[in-house]
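Step one of this worksheet: look at the structure below.
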Amino acid sequence: MKLAEALQERADLNRRIQQLQQRLNSNAVVQEGELPAEDPAELLAELDGCVENLERLIARINLANCRTEVNGENLTSLLARRDMLTVKLGAYRNLAQSASQVSRRATRTEIKLLSTVNVKELQKQVDQMAKELRLLDNSIQETNWNTELD
């Protein structure tokens, strides 16, 4: 199985676990004399199986990420860089958007708002980070599809 397939399976298991939790909650209480639509014991058994499968899969994914190298760095480091670049890019984008919204004055007596940052330079940084993030993500995705999971 390729690493990318394992990541898709992990996402499916996470969705399945959420669905089972919702179904368990829906069948946790019934009116006296009534039966639940689904047997909570069966749902719990299915949930336990999914959680066990997810635990094994996550361990295999993490091991593959640690041992797989791309240009001298392991995949775990690249994933951390991608996550932090995403956080940084979001903050820079928000700042650029906020700094761009200086209001117009109708008269000279109104308060004038000025940007505290150079929006043009900030936007260049945002564009560069977005490109870096896109290229990094492409490299990670390519690696995921080329890496076999043990």
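Since every read-out is calculated from the coordinates, none of them should be taken as a lab result. Computed from a prediction, not measured in an experiment: that's the story for all the values here. Neighbour counts run over all protein chains shown; Cβ positions are idealised from the backbone, glycine included.
For the chain, what does the helix formula give at 222 nm: sum of -39500 (n - 2.57) over DSSP H segments with n ≥ 4, over the residue count, nearest 500 deg cm²/dmol?
-25000 deg cm²/dmol
Report, by chain and number, residues whose modeled amide H sits under 5 Å from the one on Val70, excluding near sequence neighbours (fewer than 5 apart, same chain).
Close amide H contacts, sequence-distant or interchain: Leu75.
Binned at 10 Å from 0, what are the whole-percent values of the Cα-Cα distance distribution for region 1-67, short to long?
P(r) for region 1-67, in whole percents per bin: 19, 40, 22, 13, 5, 1.
Among residues other than Asn27 whose Cβ falls under 13 Å from its Cβ, what is the net charge (Lys/Arg +1, Asp/Glu -1)?
-4
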